[in-house]
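The values are calculated or read from the model by the stated rules, or taken from the named source; none is laboratory data. Not measured: the values here are computed from a predicted model. With ideal geometry, Cβ positions are generated from the backbone for all residues, glycine too; neighbour counts draw on all protein chains shown.
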Amino acid sequence: MNDAGLTVRGLRVSFGGSRGMFGRGGRPAVAAVAGVDLDVAAGEIVAVVGESGSGKTTVARCVVGLVTPDDGTLSYDDVPLGSTRSRPPAIQRAIQMVFQDPRSSLNPRMTAGAIVREAWQAHPAAAPSGDQDAAVRNLLAEVGLDASVAGRRPSALSGGQCQRVSIARALALRPRLLVCDEAVSALDVSVQAQILRLLSDVRRDHGLSMLFISHDLGVVRQIADRVVVMRSGEVVEQAPAEDLFTRPTHPYTRALLDAALDLEGAAS
Amino acid sequence: MTTTSHPVSTSVGHDAATTTPPLPEMRRRSARRVLGWLRFLPHAVIAGYLFLAVVGPLLVDYDPMVTSITDRLLSPGSTTSDGSTAWLGTDGVGRDVLAQIVLGARTSITIAVLTVTVCAVIGIAVGLVAGYVGGWADTVAARLIDVLIAFPGILLAIVIAGLFRPSIAIVVIALSAVGWIGFARVVRGTALSLRERDWVSAARVMAVPRRSILTRHVLPFVAGPVVAMATLEFALVVLAEAGLSFLGIGLPPTAVSWGQTVAAGKEYLEIAWWISTFPGLALALLVVCVGLVGDQLTARYGGKR
Amino acid sequence: MSEPLLDVRDLDVFLPTRSGPVHVLDGVSFSVDAARTTGLIGESGSGKTMAAMAIIGLLPAGAVTRGQLWWRSEDLLAVSSRRRRQVRGREIAMIFQDPLASLNPGQTVGRQVTEIPRRDGMGRAELARTATHLLDRVGIPDPAQRTGNYPHQFSGGQRQRAMTALALAGQPQLILADEPTTALDVTVQARILDLLRHLRDTEHTAMLLVSHDLRVMAHVADDLVVMYAGRVCERGPAQAVLREPRHPYTKALVASVPAVRARTAIADPLPGSPADPAHRPAGCAFHPRCPLAVLRCRVERPTVREVAPGRWTACHLAEADGLPDAAEVRP
Ligand SMILES: Nc1ncnc2c1ncn2[C@@H]1O[C@H](COP(=O)(O)OP(=O)(O)OP(=O)(O)O)[C@@H](O)[C@H]1O
Ligand SMILES: Nc1ncnc2c1ncn2[C@@H]1O[C@H](COP(=O)(O)OP(=O)(O)O)[C@@H](O)[C@H]1O
Ligand code: SF4
Ligand SMILES: [Mg+2]
Ligand SMILES: [Mg+2]
């Protein structure tokens, strides 16, 4: 295998070509993603920003195989990506996702330990060879959780702890690309900093690449290497993070940056 | 990171102020406690019926084929020709009404349990496939349900039961023919909303097999609404079974059922009110109690009909 | 500074839960001045919404309230429920977080914003004019046409504007706004915040703005009240509080806000998670996460004291010129 990373070309998705009864009553299809090209190289953090409804989540769900595109190609290390189920196991493991809502991304009836172990049941090849309980404890420790968390259900965990369990579940399969859809947006600022720190540590220690979706430009500037700006399903600008923040070229990017608030210089 | 590393914070007590203040408004508990116990009265009554259905037939000696001319239409509390007391009287051919109620409870409850089980299994299977798998499976299920719902359920049951040799199995099949629809709809709705939950998406991203997703991430969450549905369905089945046997359809003459007893008493309503009244009361009490429990469960789990 | 319009004194709120009453607001005191915007900030569960609900009198059933809510010369916790309803909507109005959930989907926006004047018996033609005027004031384009629209025909930002118009209809002296921009995109958020600022400047409406976003606060709040676990930990003029926090929690919050116009490193995070009012640590509620905590903090609850003119803080170690360094406290 080579390490071309993730390549997305000409991605198109539309929703709402509804299955109205006898073909009637359906709404016209809405293009959520209208021709997106995107690359995430190995070890790189690429952020996707844009207003709500611009298609960020849809792109993410195509990458992990939850949504089947109407058109376009996705590949990882030159292996074409279809729906999750149709991918070779190695690719299934390589691409994992962290969701926005920390609570609803964990099954409320399962303990944190069972949630992490489920990943290994699905992919025995990634399962630790020795004691699974010890492996769970190590993984939880890696995301900053106490071993006692393994026996607790999501309702007994805080939002930040749930998000750490989510990250541990994704890391259990030793992925190479982590898709984070607004993974820190629902967290309180003090907890958000913890999770950002964790994600950047994980990237450093595992050489992970990330597709990091967020509407918070401040967070993006802290963590991203490259930024893709989306609007109405299209990429309007992509550039290395610092270039984009200091020399935005597209008017929409400039409008986004102007509207963003900062603590400093607010007294107007 | 989550457990702090500061030396000062190794033990965290709890502020007395968070728990102490006596709050007068929150103390009026006794009235609520009585109400709280009353909520469980229907549960107790149902438990009584279940006990009666299981143990009762062992205690009463009754044969529907044995009639006794001398004991016809005895009023409640009379002494029969063999010296025993007919607490709830006897019917037009001298059979004990109390014994019929006890045996009828077993018939009713057996049929209701079997029917609800069959309905739940079919309904859950159809609902899960329609709701979770979606696509053409959902379309087929939805059309089937639309067609079946257009038939009045009890008429369909009468037709089915009337076409075959009477037996308990036929009654169960007849009542299940449309009974599963309620379950299928509740389960489909729940599965449809669960499919979009992030924990299900997470499992799909990890390529967890579809069967495990259904059993682990979807099924446990339909249990509540299904139980609520099952109690309501139970009440309906008890009523419908009584209706069928009142009409003399479905059950063989050797079976004892409340509906048959009520029907047998209807000719004597003016001279022997007890024959129809007591089994009718037994039926009504069970249906009302099951309905009350069902309402409580529905309120708790939000299962929609 | 002017006389306070609303003066919240030692407010306690207990909410019933399965495991007994929870003390969700514990001795909360702050005031809102006329023609100023007071920001109420804190992390999820710190009691911001409950404070706003206590003021407007819409706490969940079974809640127990103690303390005083001085609204000019009357204590809202002592007045009749009739007077309370009179205050609600006309003197104090509220904008809720989710505009779609708080607008009636089956009524036109124009009808909903004129609910109060209609109840007062205003005539038809006058009502139509009022509706148009209200929508115009909150910056909805083409207001005369839009009065006939239903809420679903409005965009998220427009719905939030319609909610604001509804709040303005009773000509309140105080508006409570609970996270008015949290559900909105940055560009829309900026416009709503401008609108709120504009209302303060042109109509001199006082506002209590609830938000967990320090950046929003920096843009619209004149005064700031910082809450943690159902208690106030710091209050004072917004710019001063944000620039020189006198409470370690405020300081940590300010430090964890990432900047857009400058590159910042990821902040050193606070350990642990926000305290839950149901399990509030003894002494200073913040002590398990505080980088400055000393022994005293674990046992003695700090009172809110004025460490410098207008600067109130609930920290044992705060002084007039600021907070000590962690190294000074625990070498
Ligand atoms: N109806 C209720 N019954 C019991 N406890 C409640 C109820 N509503 C809120 N609480 C509790 O009261 C505390 C304060 O809640 P509140 O809604 O005021 O928080 P908040 O600061 O507005 O948070 P957020 O930023 O998440 O909106 C929390 O601990 C919460 O769990
Ligand atoms: N499952 C779906 N069915 C119908 N429309 C959808 C669905 N998911 C997303 N959309 C629509 O697609 C567009 C892009 O959505 P999304 O990718 O979620 O945007 P973002 O994540 O940038 O907010 C929006 O107009 C949204 O309403
Ligand atoms: S009182 Fe102590 S624990 Fe509380 S904020 Fe001040 S230094 Fe920290
Ligand atoms: Mg999204
Ligand atoms: Mg709130």
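Listing for the model above:
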| item | result |
| --- | --- |
| Every pair of residues 6+ apart whose Cβ atoms lie under 7 Å, when the first sits in the stretch A:243-259 and is on the phi < 0 side of the Ramachandran plot and in a helix (DSSP H, G or I) while the second is among the basic types (K, R) and surrounded by fewer than 16 Cβ atoms within 10 Å (Cβ to Cβ) | none |
| Strands (runs of 3 or more DSSP E) within the stretch A:144-235 that include 3 or more residues aromatic (F, W, Y) and either within 16 Å of ligand 5 (Cβ to nearest atom) or in contact with a Phe, Trp or Tyr (Cβ under 8 Å, 6 or more places away or on another chain) (or both) | none |
| Meets criteria (of a type in the set (K, R), under 20 Å from the mean Cα position of the chain (by Cα) and more than 30 Å from C:H279 (Cα to Cα)) for A:R87 | yes |
| Some residue of the stretch A:177-189 being more than 16 Å from ligand 2 (Cβ to nearest atom) and facing chain B (nearest Cβ under 10 Å) | no |
| Flag for C:A221 being within 13 Å of ligand 1 (Cβ to nearest atom) and within 10 Å of chain A (Cβ to nearest Cβ) | no |
| Close pairs (8 angstrom Cβ cut-off, 6 or more residues apart or separate chains): of a type in the set (D, E, K, R) in the stretch B:48-62, assigned to a helix (DSSP H, G or I) anywhere | B:D61/B:A99 |
| Selected residue (criterion: farthest from the other protein chains (Cβ to nearest Cβ)) from residues of the stretch A:196-223 that are at pLDDT 95 or above and more than 24 Å from C:Q189 (Cα to Cα) | A:S209 |
| Residue list for the stretch B:69-95, restricted to those being more than 32 Å from the chain's Cα centre (by Cα) and of a type in the set (S, T, N, Q) | B:T70, B:S75, B:S78, B:T79, B:T80, B:S81, B:S84, B:T85 |
| Identity of the residue in the stretch C:302-321, assigned to a loop (DSSP other than H, G, I, E, B) and closer than 17 Å to C:D10 by Cα, that ends up farthest from ligand 4 (Cβ to nearest atom) | C:T303 |
| Single condition C:R129 does not satisfy, out of (1) modelled with pLDDT of 90 or more; (2) in a loop (DSSP other than H, G, I, E, B) | (2) |
| Of the criteria (1) within 27 Å of B:G104 (Cα to Cα); (2) surrounded by fewer than 20 Cβ atoms within 10 Å (Cβ to Cβ), which one B:R210 fails | (1) |
| Test result for B:T261, farther than 26 Å from A:L173 by Cβ, modelled with pLDDT of 90 or more and among the polar types (S, T, N, Q) | no |
| Qualifying helices (runs of 4 or more DSSP H) (wholly inside the stretch B:133-202; at least 1 residues being more than 14 Å from chain A (Cβ to nearest Cβ), in contact with a Cys (Cβ under 8 Å, 6 or more places away or on another chain) and closer than 20 Å to B:P225 by Cα) | B:168-195 |
| Top-ranked residue in the stretch C:7-29 [being more than 10 Å from every other protein chain (Cβ to nearest Cβ) and buried (at least 23 other Cβ atoms within 10 Å of the Cβ); ranked as nearest to C:A278 (Cα to Cα)] | C:L25 |
| Matching residues, the stretch C:1-31, being over 25 Å from A:S158 (Cβ atoms), aliphatic (A, V, I, L, M) and at pLDDT 95 or above | C:L6, C:V8, C:L11 |
| Residues of the stretch C:264-301 satisfying the condition of being part of a helix (DSSP H, G or I) and over 14 Å from C:A252 (Cβ atoms) | C:P277, C:A278, C:H279, C:L295, C:R296, C:C297, C:R298, C:V299 |
| Verdict on C:G47 being within 16 Å of ligand 3 (Cβ to nearest atom), touching a strand residue (DSSP E or B) at 6+ places or on another chain (Cβ under 8 Å) and within 14 Å of another protein chain (Cβ to nearest Cβ) | no |
| Pick from the stretch C:21-36, criterion part of a strand (DSSP E or B) and closer than 14 Å to C:R72 by Cβ, ranking: farthest from ligand 5 (Cβ to nearest atom) | C:D33 |
| Answer residue from the stretch A:31-82, given it is in a helix (DSSP H, G or I) and among the hydroxyl-bearing types (S, T, Y) and is farthest from ligand 5 (Cβ to nearest atom) among those | A:T58 |
| Complete set of residues in the stretch B:66-79 that are in a loop (DSSP other than H, G, I, E, B), over 17 Å from B:V102 (Cβ atoms) and of a type in the set (A, V, I, L, M) | B:L73, B:L74 |
| Evaluation of C:R119 against (1) surrounded by 12 or more Cβ atoms within 10 Å (Cβ to Cβ); (2) over 19 Å from the mean Cα position of the chain (by Cα) (one fails), failing number | (1) |
| Residue list for the stretch C:249-284, restricted to those being farther than 16 Å from A:A193 by Cα, within 14 Å of chain A (Cβ to nearest Cβ) and among the aliphatic types (A, V, I, L, M) | C:A262, C:A275, C:A278 |
| The one condition in (1) touching a strand residue (DSSP E or B) at 6+ places or on another chain (Cβ under 7 Å); (2) in a loop (DSSP other than H, G, I, E, B); (3) within 16 Å of ligand 1 (Cβ to nearest atom) that C:R246 fails to fulfil | (3) |
| Entirely in the stretch C:159-236, the strands (runs of 3 or more DSSP E) that have 2 or more residues that are of a type in the set (G, A, S) | C:206-211 |
| All positions within the stretch C:47-67 that are within 11 Å of ligand 1 (Cβ to nearest atom) and either part of a helix (DSSP H, G or I) or hydroxyl-bearing (S, T, Y) (or both) | C:K48, C:T49, C:M50, C:A51, C:A52, C:M53, C:A54 |
| Near pairs, Cβ below 9 angstrom, 6+ apart or cross-chain, from the stretch A:44-55 (farther than 18 Å from A:D243 by Cβ) to any residue that is charged (D, E, K, R) and away from ligand 5 (no atom under 16 Å from the Cβ) | A:E51/A:R231; A:E51/C:D185; A:S52/C:D185; A:G53/C:D185; A:S54/A:R231; A:S54/A:E234; A:G55/A:R231; A:G55/A:E234 |
| From A:Q92, A:Q121, residue being surrounded by fewer than 22 Cβ atoms within 10 Å (Cβ to Cβ), among the polar types (S, T, N, Q), away from ligand 1 (no atom under 16 Å from the Cβ) and in a helix (DSSP H, G or I) | A:Q121 |
| Output for the stretch C:68-106, where each listed residue is without any contact (Cβ under 8 Å) to a residue 12 or more places away in the chain and assigned to a strand (DSSP E or B) | C:E74, C:D75 |
| Residue in the stretch A:183-205 that is at positive phi, over 12 Å from the mean Cα position of the chain (by Cα) and not acidic (D, E) present | no |
| Residues located in the stretch A:132-154, provided they are at pLDDT 90 or above and not aliphatic (A, V, I, L, M) | A:Q132, A:D133, A:R137, A:N138, A:G151, A:R152, A:R153, A:P154 |
